Amino acid sequence: MNGRSALRRALSSLGIALVAVYCLAPFYWMAISAFRRPQDQFDNSVVPSRWSMENFTAVFAGDNGFGRALLNSVIVAGTTTVLTLTVGVFTAYALARLDFRFKNAVLGLIVATTMFPGISQLVPLLKLFTDIEWINTYQAMVLPGLGFALPLSVWLLTAFFRQLPFELEQAAMVDGCTRGQAFRKVIVPLAAPGVFTTAILTFIAAWNEFLIALSMVNRKEMQTATVAISKFTGVSGFDQPFGTQMAAGVIVTVPLIVVVLVFQRRIVAGLTAGGVK
Amino acid sequence: MLDTAPAVRKPPGRKAAGARIRRRPRLGPYLLIAPTVIVIALLMFWPMVQIGIMSFQKVGNRQLRGEPAEQVGTENFDKILSDPFFWQTFRNTVLFAVVAVTLTMLVGTLVGLLLNKLGKRMSAFVSGGVMIAWATPPVTAAIIFSWLFGTTGGLVNWCLDLLPDALIGGGWADHNWFATPLSTYTVLTVCVVWQSCPFVAVSVLAGLKSVPSELYEAARVDGSGPWRTFWSITYPLLKPIFMVLLVMSVIWDFKVFTQLFIMSGLANRDAFNLSLYAFSEAFGSLNPKLGMGSAIALVLTMILLVVTALYVRVMVRQGETK
């Protein structure tokens, strides 16, 4: 019995080690490659022999326009998140709380659109935005982003709102609140965590978006960070600038990772509420 | 749940009108859902209709300059369906989805089971680790894995070269992983599974937390091993979760674009999947063929639509029973 439990423990440690290596090693390798000197790019030591910030300086070098790209990403992802939440919150409240005809049909249609492949939205929207001369504008990236983010947000918010104790709302109305007041004073504070989680998930999705941002923009000043990384040509311009790309990858990814680690429990709750429950 | 709100809200003295008001369809909910419905109609369904129309048209440079589109009937579809290259991309898409979904579900479930076995603090720590993979932007992930599997100086080749030659053969030092579609898709699969298994893992973990532990104790007392326990207790209880995760994974893996675009690009036609093929036809050259691109996108959408129908049924039904 003792031998078996020791074996069990060993197996589970091995499992943890394997999972940790598979999940963390690629990210670790990116971070560590970013801190190597460019001439050590092909050095495979686990810790850089000489640490250097050179790759990070190269990321922000003049012709990359990476600072501007980060700003664009913040603007596009931020605007998309705010718009999505503003529109989605009311719909989700209605879907979770109120009774009306075609409710399930509406919910079904909304869920169905989360599956549309990006490419089939892109072709007509690019043609339309070319016609009305919206290429190289923020709205050309924000509006499709809104389209992609809204169904998922509505679904997540609906799942959150269903869990709220609506008896409290009724209690408030017994005490003389109108429905609107009950919503504002009781439900909104209770719903805030769910809304916040949805905002994080929407922001991450919008921040990571690539296909739309790649196609709607052909001027460097309007590129988002993800597109900018994919187009890096490096310092020398001859070989692929992996060190620089890794450094840029770290810059783009680290804010998301900090958010994910800080709000881990909320995000997991959000993912499982929207996807599973 | 018993909804007492209407009875409470009604002010006294309007009782007679009450019955009539209740039967009248209320406008409120429709006003609340209208903005979403309008946005989705304009940004999701309108393009879908356009894809349908354009797939029967020839839309090239001249049409983009404002000339009316030329109706070509089913010519676009005739062309792609009789083109072996289309079927190659089709096969790439489907095979990739099958392999990646299987691995995602397998690895994700195993990680989820492992997380459930761990103590509270360790579980939180490891799930933090797997969430890092989930939060990494696809572009970054694709670049990391191109770098790991790089021809010169890639970590994977370096490790494989260190292993004894008798085990895996020699010559790995400058092996080009992106030379053939098969090995390109191997790298793509490793990358996509890396990013999508955390979602499966945390969902399975959340499901496992809801299973009463008495069931597992009873199984252990009865002498059931871990394999038997999983299939007799865990799987039946978590089946709805597995169903949703499966369908979502299928849908995501059919749509994969960014990672493949970064890894093998538009030049490597042999490794195209349907998304990349549609993109390349529509915008990839100086002679854009939006009609052809639309037709390919429509085929992809049709595949997804079948999966989606299943998905919506599962999701909405679960929403109702909650």
Can you confirm whether B:T186 is at pLDDT 85 or above, open to solvent by 20 Å² or more (accessible area, probe 1.4 Å) and of a type in the set (S, T, Y)? yes
Failed criterion for B:Q57 (all others in (1) open to solvent by less than 70 Å² (accessible area, probe 1.4 Å); (2) of a type in the set (S, T, N, Q); (3) at pLDDT 90 or above hold): (3)
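Step by step: first the residues of region A:26-53, then only those that are among the β-branched types (V, I, T) and surrounded by fewer than 16 Cβ atoms within 10 Å (Cβ to Cβ), then the one that is farthest from B:L188 (Cα to Cα). Which residue is that?
Pass one, region A:26-53, residues among the β-branched types (V, I, T): A:32, A:46-47.
With the extra rule that they be surrounded by fewer than 16 Cβ atoms within 10 Å (Cβ to Cβ), the set shrinks to A:46-47.
Values: A:V46: 24, A:V47: 27 Å.
The selected residue is A:V47.
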Sort out which residues of region A:97-113 are part of a helix (DSSP H, G or I) and within 7 Å of chain B (Cβ to nearest Cβ), and write them in order of number. A:N104, A:V106, A:L107, A:G108, A:I110, A:V111, A:A112, A:T113
Checking the conditions here, which among B:L103, B:L113 is closer than 30 Å to B:S203 by Cβ, in contact (Cβ under 8 Å) with a residue 40 or more places away in the chain and within 11 Å of chain A (Cβ to nearest Cβ)? B:L113
Looking at (1) small (G, A, S); (2) at the interface with chain B (Cβ under 10 Å from one of its Cβ atoms); (3) within 30 Å of A:A58 (Cα to Cα), which is the only condition A:A182 fails? (3)
I'd like to know if region A:53-62 contains one or more residues that are part of a loop (DSSP other than H, G, I, E, B) and not small (G, A, S). yes
Checking A:R36 against (1) more than 9 Å from chain B (Cβ to nearest Cβ); (2) out of contact with any helix residue (DSSP H, G or I) (no Cβ under 8 Å at 6 or more places or on another chain); (3) among the charged types (D, E, K, R), only one condition comes out false. Which one? (2)
Could you list all residues from region B:116-141 that are open to solvent by 30 Å² or more (accessible area, probe 1.4 Å), farther than 30 Å from A:P241 by Cβ and either more than 8 Å from every other protein chain (Cβ to nearest Cβ) or touching a residue at least 24 places away in the same chain (Cβ under 8 Å) (or both)? B:N116, B:G119, B:K120, B:R121, B:F125
Can you tell me which of B:W177, B:W172 is touching a helix residue (DSSP H, G or I) at 6+ places or on another chain (Cβ under 7 Å), open to solvent by 40 Å² or more (accessible area, probe 1.4 Å) and more than 11 Å from chain A (Cβ to nearest Cβ)? B:W172
B:Y216 passes all but one of (1) touching a residue at least 24 places away in the same chain (Cβ under 8 Å); (2) of a type in the set (F, W, Y); (3) more than 22 Å from B:K255 (Cβ to Cβ); (4) away from chain A (no Cβ under 13 Å); which number fails? (1)
Output the residues belonging to region A:66-80 that are open to solvent by 30 Å² or more (accessible area, probe 1.4 Å) and either farther than 30 Å from A:M141 by Cα or not basic (K, R) (or both). A:G67, A:L70, A:L71, A:V74, A:I75, A:T79
Contact list, first residue from region B:55-80 and under 18 Å from A:E133 (Cα atoms), second anywhere and of a type in the set (V, I, T), beta-carbon distance below 7 Å, six or more apart or interchain, is B:L64/A:T130
Keeping to region B:121-171, report how many residues are assigned to a helix (DSSP H, G or I) and touching a His at 6+ places or on another chain (Cβ under 8 Å). 2
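For region B:74-83, how many residues meet the condition of being hydrophobic (A, V, I, L, M, F, W, C) and either under 21 Å from B:F261 (Cα atoms) or surrounded by 15 or more Cβ atoms within 10 Å (Cβ to Cβ) (or both)?
Start the filter on region B:74-83 by keeping residues that are hydrophobic (A, V, I, L, M, F, W, C), which leaves B:77, B:80-81.
Remaining after also requiring either under 21 Å from B:F261 (Cα atoms) or surrounded by 15 or more Cβ atoms within 10 Å (Cβ to Cβ) (or both): B:77, B:80.
Summing the residues that are hydrophobic (A, V, I, L, M, F, W, C) and either under 21 Å from B:F261 (Cα atoms) or surrounded by 15 or more Cβ atoms within 10 Å (Cβ to Cβ) (or both) in region B:74-83 gives 2.
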Check A:M30 against each of (1) within 14 Å of chain B (Cβ to nearest Cβ); (2) free of Cβ contacts under 8 Å to residues at least 12 places away in the same chain; (3) out of contact with any Pro (no Cβ under 9 Å at 6 or more places or on another chain) and name the one condition it does not meet. (2)
Answer residue from region A:114-125, given it is in a helix (DSSP H, G or I) and buried (at least 24 other Cβ atoms within 10 Å of the Cβ) and is farthest from the other protein chains (Cβ to nearest Cβ) among those: A:L122
Quick check, is A:V89 in contact with a Leu (Cβ under 9 Å, 6 or more places away or on another chain), assigned to a helix (DSSP H, G or I), of a type outside the set (S, T, N, Q) and touching a residue at least 60 places away in the same chain (Cβ under 8 Å)? yes
Within region A:175-207, take every residue that is without any contact (Cβ under 8 Å) to a residue 24 or more places away in the chain and under 23 Å from A:A149 (Cβ atoms) and give me the one that is least open to solvent (accessible area, probe 1.4 Å). A:A192
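Does B:Q71 fit the bill of being open to solvent by 20 Å² or more (accessible area, probe 1.4 Å), among the polar types (S, T, N, Q) and touching a strand residue (DSSP E or B) at 6+ places or on another chain (Cβ under 7 Å)?
Yes: the conditions hold for B:Q71.
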For region B:84-115, which residues satisfy the criterion of being farther than 21 Å from B:W194 by Cα and open to solvent by 10 Å² or more (accessible area, probe 1.4 Å)? B:P84, B:F85, B:W87, B:Q88, B:F90, B:R91
Find the residue count for region A:12-25, including only residues that are of a type outside the set (A, V, I, L, M, F, W, C) and open to solvent by 50 Å² or more (accessible area, probe 1.4 Å). 2
Counting only residues that are within 18 Å of the chain's Cα centre (by Cα) and part of a loop (DSSP other than H, G, I, E, B), which one in region B:272-292 is surrounded by the fewest Cβ atoms within 10 Å (Cβ to Cβ)? B:F272
Pairs, please: C-beta under 8 Å, at least 6 apart or cross-chain, first residue closer than 12 Å to A:I251 by Cα and in region A:51-65, second open to solvent by 30 Å² or more (accessible area, probe 1.4 Å) and assigned to a helix (DSSP H, G or I)? A:N55/A:P38; A:F56/A:I251; A:V59/A:I251; A:F60/A:G67
Evaluate the following for A:A94: is it farther than 14 Å from B:M44 by Cβ, at the interface with another protein chain (Cβ under 7 Å from one of its Cβ atoms) and open to solvent by less than 10 Å² (accessible area, probe 1.4 Å)? yes
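The values are calculated or read from the model by the stated rules, or taken from the named source; none is laboratory data. Computed from a predicted model, the values in this text were never measured in an experiment. All Cβ positions, glycine included, derive from the backbone under ideal geometry; neighbour counts span all protein chains shown. Please note that ligands, DNA and RNA were not included when accessible areas were found on the heavy atoms of the full protein model with its side chains. Shrake-Rupley method; radii C 1.70, N 1.55, O 1.52, S 1.80 Å.
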